[in-house]
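S.K.: Once you've had a glance at the structure underneath, I'll fire off some questions.
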Amino acid sequence: MKWINEAVLRGQSSRVLDLGCGPGLYATRLARLGHDVTGIDYSPASIEHARESVGSDSLACEFIEGDVTSANLGGDFDLAMMIFGEINAFDRDAALKLLARAHGSIAPGGILLLEPSIDSSIRDSSNRPLIAQEQTQGLFSDHPHFYVQEHRWLEEERVAQTRFITEDAETGEVRDYGERLFAWTEDEYRELLVSAGFNDIAVYPSLSGEPDITQRGLFAITARA
């Protein structure tokens with residue numbers, strides 16, 4: 001937060017757009033530092049939590065339930081950001097469209113901040129072992145069920161694919177969920193940003209601007225609209 005506030009926003013009160021804001025962990029903290037923040041996320045539970053986290057505090061913070069690929073993003077933001085590797089959930093065409101939409105929401109001279117995943121970390125994630133176990137409850141069901149989690153690396157597409165499969169212990173109903181993470185090189189991120197209209201691209205080892213000691217497999221990119 002210190003690096004975003006001081007290095008990216010230069011300590012100046014700014015209008016910030018948090019794309020995929022989740023439960024508002026960053027948005028509320030930026031608002032407490034004096035910024036005017038709008039967060040957008042498609043998860044009803046995340047948005048509800050974000051709104052509750054504001055509480056009775058008089059924060060300049062608005063949370064919108066919506067899909068960042070289609071929702072009205074508004075405009076004239078000093079900073080638009082998408083963190084924690086969320087950009088990697090989109091294939092190249094979808095990512096380019098999203099970045100172009102973000103560009104349109106930023107005031108001239110404003111900044112985009114991305115925290116993408118390092119390509120090798122996405123590839124490595126597909127090497128995690130298969131999980132198969134009985135659960136009384138979990139992320140995908142509140143009822144007893146059998147749970148399988150499996151990972152694959154698709155070399156041609158350079159995609160790490162994860163499947164989450166549940167079978168209800170009582171009804172036998174099977175549900176199959178999926179997640180894909182696209183692995184791109186630093187040069188490919190740069191090409192995407194230039195294609196979306198950005199310039200003055202800078203790369204940092206982490207959101208602190210310093211070498212990443214947390215081993216999260218993420219780094220930071222800023223670009224100017």
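S.K.: Explain nothing, just the number: relative contact order of the range 1-73, from Cα pairs under 8 Å at least 6 residues apart, as a whole percent.
M.R.: On the way: 124 pairs, mean separation 21.8, N = 73.
Computed over the range 1-73, the figure is 30 percent.
S.K.: Something else now. Considering every Cα-Cα pair within the range 97-150, what fraction, in whole percent, is farther apart than 18 Å?
M.R.: Tail of P(r) above 18 Å: 63 percent of Cα pairs.
S.K.: Determine the principal axes of the Cα atoms in the range 1-122, then give the extent along each, sorted from largest to smallest and rounded to whole angstroms.
M.R.: Cα spread of the range 1-122 along its principal axes, largest to smallest: 40, 32, 29 Å.
S.K.: Counting C-alpha atoms alone, how compact is the chain: give Rg to one decimal and Dmax as a whole number, in angstrom.
M.R.: Radius of gyration, then largest Cα-Cα span, for the chain: 18.9, 58 Å.
S.K.: Same structure again: Using just the Cα positions, wrap the range 182-223 in a convex hull and report its mean projected area in square nanometres, one decimal place.
M.R.: Approximately 3.2 nm², given one-decimal rounding.
S.K.: Now, a different point. Compute the distance from the alpha-carbon center of the range 3-68 to that of the range 137-155, in whole Å.
M.R.: 31 Å
S.K.: Now, a different point. Check which residues have an amide H placed less than 5 Å from G138's amide H, if you skip close sequence neighbours.
M.R.: Placed amide hydrogens put H143 under 5 Å from G138.
S.K.: Using only Cα atoms and rounding to the nearest 10 degrees, what angle (0 to 90) does helix 186-195 make with the longest principal axis of the chain?
M.R.: 60 degrees
S.K.: Still on this structure, please answer the following. Karplus couplings for the range 114-128 from phi (6.51 cos²θ - 1.76 cosθ + 1.60, θ = phi - 60°), rounded to Hz, Gly and Pro as x?
M.R.: Working through the residues one at a time gives 10, 10, x, 8, 5, 4, 5, 5, 5, 4, 5, 5, 6, 8, 5 Hz.
S.K.: Using alpha carbon coordinates only, what is the Rg to Rh ratio of the range 17-75, with Rh defined as the Kirkwood radius?
M.R.: Checking Rg against Rh, the ratio lands at 0.94.
S.K.: So what is the 222 nm mean residue ellipticity for the chain from helices alone, if each DSSP H run of at least 4 adds -39500 (n - 2.57) and you divide by all residues, rounding to the nearest 500 deg cm²/dmol?
M.R.: The per-residue figure over the chain is -6500 deg cm²/dmol.
S.K.: Looking only at Cα atoms, what is the convex hull volume of the range 77-195 per residue, in Å³? If you can, show how the numbers build up before the last one.
M.R.: Working: hull volume 15.2 nm³, N = 119.
Per-residue hull volume (Cα only) is 128 Å³.
S.K.: Which value, in Å² and to the nearest 10, is the accessible area of Y177 when all protein chains are kept and the probe is 1.4 Å?
M.R.: The accessible area of Y177 comes to roughly 80 Å².
S.K.: A further question on this structure: Below 8 Å between Cα atoms, with a sequence gap of 6+, how large is the relative contact order for the chain in percent?
M.R.: 17 percent
S.K.: Per residue of the range 50-57, in order, report the coupling 6.51 cos²θ - 1.76 cosθ + 1.60 (Karplus, θ = phi - 60°) as ³J(HN,Hα) in whole Hz, putting x for Gly and Pro.
M.R.: 4, 5, 5, 5, 5, x, 8, 5
S.K.: Return the equivalent ellipsoid semi-axes of the range 134-222 as a descending list in whole Å, where each equals the square root of 5 times an eigenvalue of the C-alpha gyration tensor.
M.R.: 38, 17, 11
S.K.: When the Cα atoms of the range 62-103 are enclosed in a convex hull and the volume is divided per residue, what value in Å³ results?
M.R.: Considering the Cα atoms of the range 62-103, their hull volume per residue is 88 Å³.
S.K.: Using a 1.4 Å probe, how large is the accessible area of T69, given in Å² and rounded to the nearest 10?
M.R.: We get 60 Å² for T69.
S.K.: Can I ask one more? In the chain, what percent of the accessible surface is made up of carbon and sulfur (1.4 Å probe, ligands and nucleic acids excluded)?
M.R.: Ligands and nucleic acids excluded, carbon and sulfur give 48 percent.
S.K.: State the extension gain, in nm to one decimal, for the chain segment bounded by R92 and V194, taking 0.36 nm per residue of separation less the distance between their alpha-carbons.
M.R.: Extra length available between R92 and V194 comes to 35.4 nm.
S.K.: Show F77, F146 ordered by accessible area, largest first, where the area counts protein heavy atoms only and the probe is 1.4 Å.
M.R.: On the way: F77 5, F146 85 Å².
So the residues, ranked largest to smallest area, are F146, F77.
S.K.: Using only the Cα atoms of the range 148-199, what are the Rg and Dmax in Å?
M.R.: According to the Cα coordinates of the range 148-199, Rg and Dmax are 17.4, 56 Å.
S.K.: Then there's this: Please calculate how many Å² of accessible area the chain carries per residue, with a 1.4 Å probe and no DNA, RNA or ligand atoms counted.
M.R.: 54 Å²
The values are calculated or read from the model by the stated rules, or taken from the named source; none is laboratory data. Here the structure is a predicted model, which means the values were calculated and not measured. Please note that ligands, DNA and RNA were not included when accessible areas were found on the heavy atoms of the full protein model with its side chains. Shrake-Rupley method; radii C 1.70, N 1.55, O 1.52, S 1.80 Å.
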